[in-house]
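Only one structure is covered here, and it is reproduced in the block below.
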Amino acid sequence: MNRYDIEITGKNLRQFLKNLHNMKIQFFKIEQTDKSLIICVNEEDYQKIKKIKTIYDIRVIKLYGPIKIKTFIKKYKLFLVLLLVNFL
């Protein structure tokens, strides 16, 4: 199961959190800092949050699950191929 830690910044974060709760979005973890809110959601709920047009800045901080491995391979594909060729 893929999970995302996302950081939300903007004004009135409590109201945005209430709106997400009303949309039936599940949170696994919620942390509030001075100017941002960090929540952990699953992939389906992350897609719902991305579709919402808001004034809030939403940024992925950390990935969990198989999606983390996929993004790592995509990011370092050239390095991994060259490393493999080097060993051969």
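A few notes on this one:
- Residue tally, condition of a type outside the set (S, T, N, Q) and modelled with pLDDT under 90, over the range 3-12: 2
- Per the conditions (1) within 18 Å of P66 (Cα to Cα); (2) in contact (Cβ under 8 Å) with a residue 40 or more places away in the chain, the sole criterion not satisfied by K11 is (1).
- Listed by position, the helices (runs of 4 or more DSSP H) contained in the chain that have at least 3 residues being out of contact with any Pro (no Cβ under 9 Å at 6 or more places or on another chain), loosely packed, with under 14 Cβ neighbours inside 10 Å and aliphatic (A, V, I, L, M) are 77-87.
- Test: residue in the range 21-30 that is modelled with pLDDT under 90, over 14 Å from the mean Cα position of the chain (by Cα) and farther than 15 Å from Y64 by Cα: no
The values are calculated or read from the model by the stated rules, or taken from the named source; none is laboratory data. Predicted model, so just to flag it, every value in this text is computed and none were measured. Counting neighbours? That spans all protein chains shown, and the Cβs are built from the backbone with ideal geometry, glycine included.
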